[in-house]
1. With F108, F127 as the choices, which residue is under 16 Å from the mean Cα position of the chain (by Cα), crowded, with 16+ Cβ neighbours inside 10 Å, modelled with pLDDT under 90 and of a type outside the set (A, V, I, L, M)?
2. Looking at S36, is it crowded, with 16+ Cβ neighbours inside 10 Å and part of a loop (DSSP other than H, G, I, E, B)?
3. Which ones in segment 114-140 are closer than 30 Å to Q15 by Cα and among the hydrophobic types (A, V, I, L, M, F, W, C)?
4. Out of the residues in segment 7-22 that are among the aliphatic types (A, V, I, L, M) and either touching a strand residue (DSSP E or B) at 6+ places or on another chain (Cβ under 8 Å) or not in a helix (DSSP H, G or I) (or both), which is surrounded by the fewest Cβ atoms within 10 Å (Cβ to Cβ)?
5. Here is a list: R84, R140, R67. Which entry is closer than 20 Å to F32 by Cα, touching a Lys or Arg at 6+ places or on another chain (Cβ under 7 Å) and of a type in the set (K, R)?
6. For segment 39-70, enumerate the residues that are free of Cβ contacts under 8 Å to residues at least 40 places away in the same chain and buried (at least 18 other Cβ atoms within 10 Å of the Cβ).
7. At least 2 residues that are modelled with pLDDT under 95 in each: list the strands (runs of 3 or more DSSP E) lying fully within segment 43-82 that qualify.
8. Identify, please: which residue in segment 83-99 is outside any strand (DSSP E or B) and buried (at least 16 other Cβ atoms within 10 Å of the Cβ) and is, among those, nearest to the chain's Cα centre (by Cα)?
Amino acid sequence: KEYHERKLVRFTPQQVYSVVSDVANYKKFVPFCVDSRILRQVGPGSTTVDAELAVGFKVFTEKYTSRVTLKPPSVVAARAVDSRIFSELSSTWSFKPGPRDGTTYLSFDVEFEVKNPIAATAVNAFFEDVTQQQVKAFERRCKQLYGESNRESEAAV
């Protein structure tokens, strides 16, 4: 299953990149993320890190390692490498300068496949809503860190 979102936001690419690449702080603002921490850098001088993420929803909790590749200031790509629930879970955030200063075209793509068919029914039921909430949470975090002075409106792309 896949999810795609494209929109124009009133923050610079560097501001949006800074929020999305701050994986260690996801637990502070990403819905359903109950813990997040960087485990290690993958190779000396690398822009790839392994991060441990724990997501929870009611009685469901999943902890997994995500390999996160950072390409400042335009891309943050992640792939789960040891999930019990997902046989595939990958996401890519990309940021391009918008039509005016202080704006960014944000793209968010998620692809996932659930291992267990019974769990797949449950996950499929709420996955799109959760991913939409995540995008909104990153926007709120940008507002919190950078204010709303450079924001006038948002539009889907």
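The values are calculated or read from the model by the stated rules, or taken from the named source; none is laboratory data. Bear in mind the structure is a predicted one, so any value in this text is a computation, not a measurement. Neighbour counts run over all protein chains shown; Cβ positions are idealised from the backbone, glycine included.
1. Values: F108 fails: modelled with pLDDT under 90.
Exactly one of F108, F127 is under 16 Å from the mean Cα position of the chain (by Cα), crowded, with 16+ Cβ neighbours inside 10 Å, modelled with pLDDT under 90 and of a type outside the set (A, V, I, L, M), namely F127.
2. Working: crowded, with 16+ Cβ neighbours inside 10 Å: yes; part of a loop (DSSP other than H, G, I, E, B): no.
Criteria not met by S36.
3. Of all residues in segment 114-140, those closer than 30 Å to Q15 by Cα come to 126-140.
F126, F127, V130, V135, A137, F138, listed by residue number.
4. Restricting attention to segment 7-22, the residues satisfying the condition of being among the aliphatic types (A, V, I, L, M) are 8-9, 16, 19-20.
Among the residues that remain, those that are also either touching a strand residue (DSSP E or B) at 6+ places or on another chain (Cβ under 8 Å) or not in a helix (DSSP H, G or I) (or both) are: 8-9, 16, 20.
On the way: L8: 16, V9: 25, V16: 25, V20: 23.
Filtering first and then ranking leaves L8.
5. Details: R84 fails: touching a Lys or Arg at 6+ places or on another chain (Cβ under 7 Å); R140 fails: touching a Lys or Arg at 6+ places or on another chain (Cβ under 7 Å).
Selected residue: R67, the only one of R84, R140, R67 that is closer than 20 Å to F32 by Cα, touching a Lys or Arg at 6+ places or on another chain (Cβ under 7 Å) and of a type in the set (K, R).
6. V49, A51, L53, V55, E62 - these are the residues of segment 39-70 that are free of Cβ contacts under 8 Å to residues at least 40 places away in the same chain and buried (at least 18 other Cβ atoms within 10 Å of the Cβ).
7. Details: elements: 48-57, 60-71, 75-80.
Where strands (runs of 3 or more DSSP E) fall fully within segment 43-82 and carry at least 2 residues being modelled with pLDDT under 95, they are 48-57, 60-71.
8. Only one residue tops the list, namely S83.
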